[in-house]
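*Asks:* Take this structure first; my questions come after.
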Amino acid sequence: MTKLLNQLFYDLLQRFRFLRGELAGSTIAEPDIAAYRDRLLTQIERSIETVQSLIDDLDHMQPEFARNMYHACKRLTEYAQLADEGPVSALSRFQPRDRFLTRLVAAMCDEFNFPHARPLCSAITTQYYCILPRMDLILVPHSEPDHLLGLPDIYHELAHLLFRDSAVLVEMLRACSQSHFQNEIVRAERESWPRASIDALHAYRLRWFESWVVEFGCDLLATYVCGPAFGWTNTRLCARLSPEFFETTASHPADAARTIAIRLMLQNQGYLKEAHQIDLQWEALQQTSGQSEPQGFRLAFPDTLLGRIAEAVGEYCRSVGISPFDRNTMPIAALLNESWERFVEDPSLFRAWEASQIEALRELRDRPANDSQTA
């Protein structure tokens, strides 16, 4: 066992040393991006020290501790893999478009008082928008820095960092969902519902607790700080990438339910006209795709629960000083909303206007950080 662990740890040590070399050899000079790199480099250095200390301990290891050592090796290996595939890969290929995105995201964060360190953003993913929360890294498709309509999804990814760090927010939303389903289960048993329906309530309760509250919460926070633009982007995403609007998975609730929650948040914020317009678009999408609400959908996603979740997210944001969408004080969020308004009004004329806005944003965001703050 010691021989095997020795091999695993030395292999891991070389992996971390390689990552350290990649980061140390980076020529990135911009202070904001270099600071991100340096924080990561510090973590890699600490990981090297940890692995070396575990190697030193192997000579004195008692056999009963082998399993603990193996699991420690596994955790460190997972971190090395995540760092390699995410930030080290992004930084080693860092382009002007990534610099633009990172500074744009930082400006978004500043607009709504995001209570978290500004993440890195890179256009290198082959998937849709995603985030590596442990790495403070947002990944978007290659083409996104040249377009505006999908950028509201950045707010959803930023929200994942809040859910990683805020136990209060997670517990608040879990409490809403668990209270609802507990009451429904008691009522169902009292009224002698079919066993299958009661079992479904238990299953929904578990999924809400484990992951669904996070996805709903991220959508709702994005709507709170970005306004109607996020609702339009959500419908666009469903039209482009969602195979079934009413399908659920263990990690994600149904897109149709998320759309309802976004509408409720918009209505809470007073965007009644915009919420209605987005709703009409959603209804047209359902009709065009030939999809309809299945029986039992409202059992999993009742409007009353979605409404409580929306209210809870709004209460949390106000309590920690996160600002709601305001056209007058949030120029980037305002631009994203204007983009959707122009696109919906006349898609054929939109691209020329969009290209000019992207160019103006690049000119502003590609300035050194200290200059952009005074612009």
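*Asks:* Where the second residue is in a helix (DSSP H, G or I) and the first is small (Gly, Ala, Ser) and lies in the range 37-56, which pairs have Cβ atoms under 8 Å and are six or more apart or on separate chains?
*Replies:* Qualifying pairs under 8 Å: Ser47/Phe16; Ser47/Leu76; Ser47/Tyr79; Ser47/Ala80.
*Asks:* Quick one: which of Gln62, Gln81 is under 18 Å from Pro133 (Cα atoms) and of a type outside the set (Gly, Ala, Ser)?
*Replies:* Gln81
*Asks:* Just one of Ala284, Ala300, Ala256, Ala333 is within 24 Å of the chain's Cα centre (by Cα), among the aliphatic types (A, V, I, L, M) and farther than 21 Å from Tyr155 by Cβ; which is it?
*Replies:* Criteria check complete, one pass: Ala300.
*Asks:* Within the set of pairs 6+ apart or on separate chains, which have a first residue in the range 2-21 that is closer than 14 Å to Asp57 by Cβ, a second that is of a type in the set (Ser, Thr, Tyr) and modelled with pLDDT under 95, and C-beta atoms under 9 Å apart?
*Replies:* Between residues of the range 2-21 that are closer than 14 Å to Asp57 by Cβ and residues that are of a type in the set (Ser, Thr, Tyr) and modelled with pLDDT under 95, the close pairs are Leu5/Tyr70; Leu8/Tyr70.
*Asks:* Tally up the residues in the range 216-244 that are out of contact with any Cys (no Cβ under 7 Å at 6 or more places or on another chain), over 17 Å from Trp340 (Cβ atoms) and of a type in the set (A, V, I, L, M), please.
*Replies:* 2
Residue-by-condition table, conditions (1) hydrophobic (A, V, I, L, M, F, W, C); (2) closer than 30 Å to Ala200 by Cα; (3) assigned to a loop (DSSP other than H, G, I, E, B):
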residue: Met265; (1), (2), (3): yes, yes, no
residue: Gly270; (1), (2), (3): no, no, yes
residue: His276; (1), (2), (3): no, no, no
residue: Glu293; (1), (2), (3): no, yes, yes
residue: Leu305; (1), (2), (3): yes, yes, no
residue: Ala312; (1), (2), (3): yes, yes, no
residue: Ser319; (1), (2), (3): no, no, no
residue: Asn328; (1), (2), (3): no, no, yes
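*Asks:* Could you check Ala200 against (1) over 17 Å from Tyr316 (Cβ atoms); (2) surrounded by 16 or more Cβ atoms within 10 Å (Cβ to Cβ); (3) in contact with a Phe, Trp or Tyr (Cβ under 9 Å, 6 or more places away or on another chain) and say which number it fails?
*Replies:* Going through the list (1) over 17 Å from Tyr316 (Cβ atoms); (2) surrounded by 16 or more Cβ atoms within 10 Å (Cβ to Cβ); (3) in contact with a Phe, Trp or Tyr (Cβ under 9 Å, 6 or more places away or on another chain), Ala200 breaks only (3).
*Asks:* Which one of the conditions (1) in a helix (DSSP H, G or I); (2) farther than 30 Å from Gly321 by Cα; (3) among the hydroxyl-bearing types (Ser, Thr, Tyr) does Thr27 fail to meet, given that it meets all the rest?
*Replies:* (1)
*Asks:* Something else: Which ones in the range 227-243 are at pLDDT below 95 and assigned to a loop (DSSP other than H, G, I, E, B)?
*Replies:* Correct list: Ser242, Pro243.
*Asks:* Among Pro63, Pro115, Pro96, Pro145, which is the only one that is at negative phi and either charged (D, E, K, R) or surrounded by 20 or more Cβ atoms within 10 Å (Cβ to Cβ) (or both)?
*Replies:* The conditions single out Pro145.
The values are calculated or read from the model by the stated rules, or taken from the named source; none is laboratory data. Since the model is a prediction, treat every value here as computed from it, not as a measurement. We place every Cβ from the backbone using ideal geometry, glycine too, and count neighbours over all the protein chains shown.
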